[in-house]
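The values are calculated or read from the model by the stated rules, or taken from the named source; none is laboratory data. Every value quoted in this text rests on a predicted model; they were computed, and no experiment measured them. Note that we place each Cβ from the backbone using ideal geometry, even for glycine, and neighbour counts take in every protein chain shown. Just the protein is used for accessible areas: all its heavy atoms, side chains included, with ligands, DNA and RNA removed. Shrake-Rupley method; radii C 1.70, N 1.55, O 1.52, S 1.80 Å.
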Amino acid sequence: MHETADPITLALTGALPFVVLAAAALAFPVSLLLLKVYRRAVLGGMNESAEATPKTPPPAATEIAPPARPLAFRLLGPATALSTALPGASASRAAGVYAAAIAVFAAVMTTAWLLATRDPEIGPVKVALICWTYFWPAAIAVSLVAATDRRTRLLVALAYFAVYAAIAGVALVGSPELTMMQLAQHWLVTNAPPTVLLYTFLARRIRAVGPIVLAFAVIAVLGSQLAVALVGSGDASLRAAVEIGSTLGLGGLAVFWGMMAAGFVIFAIGAWIVLKWLGARYAARRLSDETITLDAMVLLFGVTHSIGLVFEHWTWIASGFVAFMAYKVAAIAGYRWLPKASVPRRLLLLRVFALGARSEPLFDALRRRWLRGGDIAMIAGPDLVTSAVEPDEFLGFLAGQLRRRFVAGSADLAMRIAAIDRRPDPDGRFRVAEFFCRADTWQMTMQRLIVDSDAVLMDLRSFSAANQGCIFELGRLLDAIDIRRVVFVIDSTTDRPFLESTLERLWSGLAENSPNRSAAAPAARFFEVSGPTAGEMRALVGHLAAA
């Protein structure tokens with residue numbers, strides 16, 4: 001018998017979904033606004049000069065003999081991909097750990113469903129159907145962790161639904177009164193709401209900060225609802241609120257909104273403290289950005305699933321949190337099974353800033369594959385400034401500490417590089433080291449990063465004569481690092497004749513101490529992409545790992 005008259009049950013089945021939906025409606029535009037302000041603040045800092053940076057005159061031009069061997073050009077591609085792999089766990093193996101942990105989550109939720117409903121007609125097929133329905137977050141996790149293109153994500157989803165269809169087919173054979181429409185409705189009612197909400201905040205435009213802002217909004221909106229519920233729970237408290245409002249000259253409606261505002265502010269302060277705690281744990285490498293996203297996803301599904309069980313009794317609201325904790329324990333245990341790279345490889349990512357949003361798909365695919373075996377260093381730019389922002393960076397921006405992130409001079413740069421923690425996160429994943437540079441510190445930062453890198457990927461899509469900054473970077477690459485450790489990404493938008501003529505010109509003026517002067521067969525390696533597709537990314541990372 002359902003206890004629908006229970007006020008706690010009514011609150012959990014009515015107020016809690018409202019809180020989540022209201023928080024989502026608030027968090028999405030706030031995330032967009034904050035990222036816009038963040039991007040503007042970073043660009044403003046990039047256009048400023050660092051006063052502490054000494055102005056040194058350019059070196060006097062000297063006559064240097066060209067290298068003995070001319071520079072050749074070699075086109076790489078999937079057909080010439082190497083089998084070299086980075087040390088550490090593969091993305092697919094990490095996805096397997098999360099899928100196994102979510103299987104534990106699904107088992108706990110299925111057990112809670114069986115205990116709550118006490119269905120007398122339960123059987124193994126029905127249990128399998130319910131458990132596989134609860135297993136849906138695993139398909140999303142595998143896509144987030146290991147899939148690098150739409151085709152792979154589509155195949156993961158099709159594989160999940162193929163298994164669901166197979167179980168549903170067996171159920172239909174065993175239960176003639178059951179219909180396929182009922183099975184489809186069961187899945188949609190269970191998984192569609194959290195999936196839609198999740199993908200709203202996994203959109204590339206707000207993915208970096210969406211979960212953080214949503215968590216803040218949920219806590220704050222919950223506070224506004226609890227304030228009204230607590231004050232309205234008794235005559236004495238309600239009378240006291242009305243008297244206080246009358247003293248302040250407020251009417252009944254104003255008192256109501258005042259209670260909501262007070263609850264919102266109080267809980268918002270608590271939410272900020274929680275987020276700062278999470279940011280500190282992230283900075284201390286107790287969490288990774290990937291685990292934060294996946295944990296938020298599983299918790300969202302757990303809370304949503306548990307609301308459906310509250311109609312049996314309000315205590316079943318705890319089932320989602322218990323299932324989440326079971327998932328977390330299983331995931332932490334699985335991290336120990338993932339091999340860790342003992343000597344991480346550092347990849348320097350350079351690119352044409354004018355690419356804008358076109359930089360993001362390649363960057364997302366690259367970090368999924370590379371960060372299991374090493375870190376990525378790059379200079380912050382307008383193209384990736386919002387997609388690469390890390391939790392502690394964003395919270396620091398909200399606290400007014402963004403200016404501290406910018407490189408102020410050579411001594412400051414040396415300290416920042418020395419302070420980089422190259423240990424992996426608990427899940428075996430390394431991080432992106434993003435350097436915020438002023439207009440007069442980016443060149444020295446780039447030159448220092450070249451020296452400390454094991455390989456360099458330079459994204460030259462849309463490269464043309466207008467990209468003078470990239471021409472400077474090309475010259476420093478040829479002067480400072482073995483060209484066999486560099487891969488240039490190009491596509492149909494690259495002005496390849498100009499690129500080749502530029503490289504030939506820079507090669508003729510190679511620095512005397514360049515490691516490339518003694519190269520037996522020097523060649524600039526071009527990798528042409530069209531997607532990037534999963535095959536292209538496997539090949540690209542293979543070439544970089546071999547370097």
Legend entry - J(HN,Hα) series, the stretch 333-348, from Karplus relation 6.51 cos²θ - 1.76 cosθ + 1.60, nearest Hz, glycine and proline x: 5, x, 4, 5, 7, 7, x, 10, 6, 6, 10, x, 8, 9, 10, 9
Inset, instruction - Quote the FRET efficiency, to the nearest 0.05, computed for residue 468 versus residue 415 with a Förster distance R0 of 45 Å and r equal to the Cβ-Cβ distance. - result: 0.95
Legend entry - Taking N as its residue count, the alpha carbon Rg of the chain over 2.2 N^0.38 Å: 1.15
Legend entry - Most positive-pole-ward Cα, 236, 157, 381, against dipole of the chain from beta carbon charges: 381
Legend entry - Helix axis angle, 124-134 relative to the chain longest principal axis, alpha carbon, degrees: 60
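Considering only the chain, what is the antiparallel percent among its DSSP beta bridges, to the nearest 5? Intermediate values should be presented prior to the final figure.
Details: 0 of 28 bridges.
Once the DSSP bridges in the chain are tallied, antiparallel ones form about 0 percent.
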Inset, instruction - Could you please report the charge total around residue 298, scoring K, R as +1 and D, E as -1 over all other residues with beta-carbon less than 13 angstrom from its beta-carbon? - result: -1
Legend entry - Calculated from backbone phi, Karplus (6.51, -1.76, 1.60) coupling profile of the stretch 496-503 in Hz, x at Gly/Pro: 5, x, 5, 4, 5, 5, 5, 4
Legend entry - Whole-percent carbon and sulfur share, accessible surface of the chain, 1.4 Å: 65
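Which order do the peptides 131-137, 341-347 come out in when sorted by mean C-beta neighbours inside 10 angstrom, highest first?
In descending order of packing, they fall as 131-137, 341-347.
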Legend entry - Protection proxy ranking of 364-371, 165-172, 304-311 - average other beta-carbon atoms within 10 Å, highest first: 364-371, 304-311, 165-172
Inset, instruction - Please give, to one decimal in nm, the separation of the simple spin-label points placed at residue 512 and residue 157, each 7 Å out from Cα toward the Cβ. - result: 6.1
Inset, instruction - Write down, largest first, the equivalent ellipsoid semi-axes of the stretch 143-244 in whole Å, where each equals the square root of 5 times an eigenvalue of the alpha-carbon gyration tensor. - result: 42, 25, 7
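Among 476, 286, 372, what's the order by accessible area (1.4 angstrom probe), most exposed first?
Heavy-atom accessible area, descending, gives 286, 476, 372.
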Legend entry - Order by protection proxy (mean Cβ within 10 Å, highest first), peptides 454-467, 114-127, 407-420: 454-467, 407-420, 114-127
Inset, instruction - Just read off the accessible area of residue 43 with the full protein assembly in place, 1.4 Å probe, to the nearest 10 Å². - result: 50
Inset, instruction - Could you rank 312, 528, 393 by how accessible they are, 1.4 Å probe, largest area first? - result: 528, 312, 393
Inset, instruction - Skip the ligands, DNA and RNA, and give the accessible area per residue of the chain with a 1.4 Å probe, whole Å². - result: 46
Inset, instruction - Calculate for the chain the 222 nm mean residue ellipticity that helices alone would give, adding -39,500 (n - 2.57) per DSSP H run of length 4 or more and normalising by residue count, nearest 500 deg cm²/dmol. - result: -19500 deg cm²/dmol
Inset, instruction - Calculate one ³J(HN,Hα) per residue across the stretch 191-202 by plugging θ = phi - 60° into the Karplus curve 6.51 cos²θ - 1.76 cosθ + 1.60, and present them in order as whole Hz with x for glycine and proline. - result: 10, 5, x, x, 5, 4, 5, 4, 5, 4, 9, 9
Inset, instruction - Return one number: the angle in degrees, 0 to 90 and rounded to the nearest 10, between the long axis of the Cα atoms of helix 16-47 and the longest principal axis of the Cα atoms of the chain. - result: 20
